[in-house]
1. Please enumerate the residues belonging to segment 36-77 that are part of a helix (DSSP H, G or I) and in contact with a Gly (Cβ under 6 Å, 6 or more places away or on another chain).
2. Evaluate the following for Ile36: is it surrounded by fewer than 12 Cβ atoms within 10 Å (Cβ to Cβ), at pLDDT below 80 and not polar (S, T, N, Q)?
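The values are calculated or read from the model by the stated rules, or taken from the named source; none is laboratory data. Because the structure is a prediction, the values reported are computed rather than measured. Methodologically, a virtual Cβ is constructed for each residue, glycine included, from the backbone with ideal geometry; neighbour enumeration extends over all protein chains shown.
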Amino acid sequence: MQTVQESGIMGTSYPTRNPFTFILVELNLKWMREYIRENRGAPFVVTSLILLLVCAGLLVADNSVLANVVAIYAFYILVFGVVLQAASFLKYNRNDAENVEKSIHSKSKG
């Protein structure tokens, strides 16, 4: 295992790779990539929710003008995310419906 000093970086010597952390991060990233591939609108919906939380903070800080602008951007991002999510839903449900239909026909023939 390579240490920081062996890689040419000055500082303390500690391992650059922890196998347990690597496994956990790699599993999370695979799960997230698969989820985002099937739900294209999810990152936009989450972003809009975060922006709404920012709006709440801006309103508490008595900055209603900026909160209004951020809320408008959050709304447009949410609409875009919902449209992407609907397209993903139609795409993946069409494939599922075709598979179910094929399995029903194959069972009725056999």
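1. Taking segment 36-77 as the starting set, the residues that turn out to be part of a helix (DSSP H, G or I) are 36-38, 42-60, 64-77.
If the condition is that a residue be part of a helix (DSSP H, G or I) and in contact with a Gly (Cβ under 6 Å, 6 or more places away or on another chain), then Phe44, Val45 are the ones that fit.
2. On the way: surrounded by fewer than 12 Cβ atoms within 10 Å (Cβ to Cβ): no; at pLDDT below 80: yes; not polar (S, T, N, Q): yes.
It is false that Ile36 is surrounded by fewer than 12 Cβ atoms within 10 Å (Cβ to Cβ), at pLDDT below 80 and not polar (S, T, N, Q).
Per-residue answers, yes or no, for (1) modelled with pLDDT of 75 or more; (2) among the aromatic types (Phe, Trp, Tyr); (3) under 25 Å from Glu34 (Cα atoms); (4) surrounded by 13 or more Cβ atoms within 10 Å (Cβ to Cβ):
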residue	(1), (2), (3), (4)
Ile50	yes, no, yes, no
Asn63	yes, no, no, yes
Leu66	yes, no, no, yes
Phe75	yes, yes, no, yes
Tyr92	yes, yes, yes, yes
Val100	no, no, yes, no
